[in-house]
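Notes follow the structure.
The values are calculated or read from the model by the stated rules, or taken from the named source; none is laboratory data. Keep in mind it's a predicted model, so treat the numbers as computed, not measured. Cβ sites come from the backbone with ideal geometry, for glycine too, and all protein chains shown count toward neighbours. What goes into the accessible areas is simple: the full protein's heavy atoms, side chains included, and nothing from ligands, DNA or RNA. Shrake-Rupley method; radii C 1.70, N 1.55, O 1.52, S 1.80 Å.
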Amino acid sequence: MTVELLINFAVQSLGTVAAFFLAYRSFQKRRIQLGAEPTLPQYFSRRSIYWIGIASYCTLMSALYWLLTWQWLSLEPLVTLIVKNLRSGELVNLLNGLGGNTIIPLIAAGLFLFFIAWESGFNPLLILRDSIHDAFAIPTKAVEVYNALITSRLSAVDDTLKAQINNRLLVPSIDPGDFDKSSATVEYKWAHNCLLFDRIQNYANQQSYRRFFNEPSLKWGEICISYNAMSEKVAVWKEAEPHYTKTVNLLKELDHLTGLLCRLLASLVVFGSASENEIWATVKQLGGNVHEARLKHTYKYILLFTAATAAGAMLGREISVWLHNVFLFPGQPLAHFDYNTLRWVAYAIPIYILPIALVFISRTLAFRHQREQSDRYYGFYMAMMVMGFIVSTSASALILELTYYKDHFKFLESFIQHMRWGILPALMCGFVAYRMDTPVSESEALGKLVMAAVLRFLGWGLVSVIIMLYATGDMSIQETNLRFTLVGTAFFMVGLLGASASFKTARTNN
């Protein structure tokens, strides 16, 4: 190995180590906004998960830097030029030799290191960092637990737990009826804070959680001072005459304390629970609203819908061709297993599966930031139908127009022309979103599940026939064969999608 290659390898290694270190610092800097308080994500994940995430990001950044400076924009010409001219002492030639192939790689390497450490919403590497955070579910569960604790109802809390709270108060300030009052009252908010504080005290007595209470950003010292002071304030407020301004100020102070308590307790619950079921069992014990319809293995559902679409397109076309050749037009037979079958599969997957996948993503984001829970979210279902219509119509316009009329393609005109093809995918997106909140019990009888799937198949098959007859109504007589096979294929494909819309959820133990 020559001296130039050895020095180049050393420079590469130093840059890679710097990229690893900057990525490590950047990963730890990300904060999650819970209420009004930013919080480091490392307190919302078990230690093993957090370090797997940070190792993945640091390794990725190091690998990208190595590829950038070794393969794509190599630093080797610059290192060779510097070593050669330093050895000969011709510094003037060194300056003259600096050009695009030597300076640009150095600038690119410096910019890459800068972007790793640059905390800005416009930094693409930070978007990648945040995606890795989310991939390891580091902030997701914390936000969900925090929101569930903020909106918990004390009437759902066990009576024995309520009875233990008064024992830790410096000044008696809770009456038994406070737990059942309106959530907007001082009495209820103070009882809520006392319950949260009591639960946190159970963790404070365990040595394994000591780092949470020593972490300045989680403000355990401020919480204790505020909690003890609030005990006296509430007791005085209850004894005094009603005063509007004092009540409003006290409510604001109680809400601020609630936010701090929920933030700390959310980190303790997520970190200290061995499984997701244990997390939600603890939240439920504290009266939190547990989202029962929490889907598990969502990628399997996407694969299932993809398989149903492909199978429905292939099976539907072949059965339609068979019916056409045997019963309708025996004298004008259509070819079986035509290349059009694969073309229709390739067309149907982005038209149906892409918007359905976006439904899963949208539902995850919506539930992550949602506080109130209800049995049905009809506004969300309507939004998914609109989203499905826009996405499927856009995909249809792009695929068909760019395939056949790419020389005269105008997106807006094509979008309007292909709106009819977005009706069925839009309806399917709304149905899938609805079915997510209608989970199937794991103890459900197999025969009942099969019967329900058959009914959904027939129902959606008939809906698809009606919509497709409308969508293909302008086809000419010469296109009758195509219209028949399109309608028949849609019957099986949409019917199978409807039959596949059956979900199981990760439920908590009662």
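Here are some residues: Thr247, Thr258, Thr298. Which one is buried (at least 18 other Cβ atoms within 10 Å of the Cβ) and among the hydroxyl-bearing types (Ser, Thr, Tyr)?
Working: Thr247 fails: buried (at least 18 other Cβ atoms within 10 Å of the Cβ); Thr298 fails: buried (at least 18 other Cβ atoms within 10 Å of the Cβ).
Residue meeting the stated conditions: Thr258.
Could you list, in sequence order, all residues of the stretch 338-357 that are in contact (Cβ under 8 Å) with a residue 40 or more places away in the chain and open to solvent by less than 70 Å² (accessible area, probe 1.4 Å)? Even if it seems obvious, please write down each step before you answer.
Taking the stretch 338-357 and keeping what is in contact (Cβ under 8 Å) with a residue 40 or more places away in the chain, we get 344, 347-357.
Passing the criteria: Trp344, Tyr347, Ala348, Ile349, Pro350, Ile351, Tyr352, Ile353, Pro355, Ile356, Ala357.
Restricting to the stretch 398-429, give me the number of residues that are of a type in the set (Gly, Ala, Ser) and closer than 18 Å to Met468 by Cβ.
Narrowing the stretch 398-429 to residues of a type in the set (Gly, Ala, Ser): 414, 422, 426.
From what is left, the residues that are closer than 18 Å to Met468 by Cβ are 422, 426.
Matching residues across the stretch 398-429 total 2.
In the stretch 404-452, which residue that is over 16 Å from Ala499 (Cα atoms) and in contact with a Phe, Trp or Tyr (Cβ under 6 Å, 6 or more places away or on another chain) is modelled with the highest pLDDT?
Out of the qualifying residues, it is Ala426.
Scanning for something under 34 Å from the mean Cα position of the chain (by Cα) and either part of a helix (DSSP H, G or I) or not aromatic (Phe, Trp, Tyr) (or both), does the stretch 231-251 turn up at least one residue? Steps first, please.
Taking the stretch 231-251 first, the residues under 34 Å from the mean Cα position of the chain (by Cα) are 251.
From the residues that got through so far, the ones that are either part of a helix (DSSP H, G or I) or not aromatic (Phe, Trp, Tyr) (or both) too are 251.
Scanning the stretch 231-251 turns up at least one residue that is under 34 Å from the mean Cα position of the chain (by Cα) and either part of a helix (DSSP H, G or I) or not aromatic (Phe, Trp, Tyr) (or both).
Sort out which residues of the stretch 263-286 are open to solvent by 40 Å² or more (accessible area, probe 1.4 Å) and among the hydroxyl-bearing types (Ser, Thr, Tyr), and write them in order of number.
Correct list: Ser275 only.
Condition first: among the hydroxyl-bearing types (Ser, Thr, Tyr), under 15 Å from Leu424 (Cβ atoms) and free of Cβ contacts under 8 Å to residues at least 40 places away in the same chain. Can you find one or more residues in the stretch 465-476 that meet it? Reasoning before the result, please.
Start the filter on the stretch 465-476 by keeping residues that are among the hydroxyl-bearing types (Ser, Thr, Tyr), which leaves 470, 472, 476.
Narrowing further to those that are under 15 Å from Leu424 (Cβ atoms): 470, 472.
Then drop every residue that is not free of Cβ contacts under 8 Å to residues at least 40 places away in the same chain, which leaves 472.
Yes, because at least one residue in the stretch 465-476 is among the hydroxyl-bearing types (Ser, Thr, Tyr), under 15 Å from Leu424 (Cβ atoms) and free of Cβ contacts under 8 Å to residues at least 40 places away in the same chain.
For the stretch 328-357, name all the residues that are of a type in the set (Gly, Ala, Ser) and either within 13 Å of Ala313 (Cα to Cα) or not in a helix (DSSP H, G or I) (or both).
Step one: filter the stretch 328-357 for residues of a type in the set (Gly, Ala, Ser), giving 331, 335, 346, 348, 357.
Of everything in the stretch 328-357, those that are of a type in the set (Gly, Ala, Ser) and either within 13 Å of Ala313 (Cα to Cα) or not in a helix (DSSP H, G or I) (or both) turn out to be Gly331, Ala335, Ala346, Ala348.
Filter the stretch 14-41 down to the residues that are open to solvent by less than 40 Å² (accessible area, probe 1.4 Å) and in a helix (DSSP H, G or I), then identify the one that is modelled with the lowest pLDDT.
Pro41
Can you spot a residue in the stretch 324-337 that is β-branched (Val, Ile, Thr), more than 26 Å from Cys429 (Cα to Cα) and touching a residue at least 24 places away in the same chain (Cβ under 8 Å)?
Filtering the stretch 324-337 down to residues β-branched (Val, Ile, Thr) leaves 326.
Within this subset, residues satisfying the condition of being more than 26 Å from Cys429 (Cα to Cα) are 326.
With touching a residue at least 24 places away in the same chain (Cβ under 8 Å) added as a condition, the list becomes none.
Within the stretch 324-337, none of the residues are β-branched (Val, Ile, Thr), more than 26 Å from Cys429 (Cα to Cα) and touching a residue at least 24 places away in the same chain (Cβ under 8 Å).
Residue by residue through the stretch 131-185, note down the ones that are modelled with pLDDT of 70 or more, assigned to a helix (DSSP H, G or I) and among the hydroxyl-bearing types (Ser, Thr, Tyr).
Ser131, Tyr146, Thr160
Can you tell me which residue within the stretch 106-130, out of those that are modelled with pLDDT of 85 or more and farther than 15 Å from Ser62 by Cα, is surrounded by the fewest Cβ atoms within 10 Å (Cβ to Cβ)?
Taking the stretch 106-130 as the starting set, the residues that turn out to be modelled with pLDDT of 85 or more are 106-118.
Pick out the ones that are also farther than 15 Å from Ser62 by Cα and you get 106-107, 118.
Details: Leu106: 15, Ile107: 10, Trp118: 14.
Only one residue tops the list, namely Ile107.
Go through the residues of the stretch 388-403 one by one and say whether even a single one is out of contact with any strand residue (DSSP E or B) (no Cβ under 6 Å at 6 or more places or on another chain), of a type in the set (S, T, N, Q), more than 28 Å from Thr151 (Cβ to Cβ) and modelled with pLDDT under 85. Spell out how you get there, then give the answer.
At the first step, the residues of the stretch 388-403 found to be out of contact with any strand residue (DSSP E or B) (no Cβ under 6 Å at 6 or more places or on another chain) are 388-403.
If we keep only those that are of a type in the set (S, T, N, Q) too, we end up with 392-394, 396, 403.
Checking which are more than 28 Å from Thr151 (Cβ to Cβ) leaves us with 392-394, 396, 403.
Filter once more, keeping what is modelled with pLDDT under 85: 403.
Scanning the stretch 388-403, I find at least one residue that is out of contact with any strand residue (DSSP E or B) (no Cβ under 6 Å at 6 or more places or on another chain), of a type in the set (S, T, N, Q), more than 28 Å from Thr151 (Cβ to Cβ) and modelled with pLDDT under 85, so the answer is yes.
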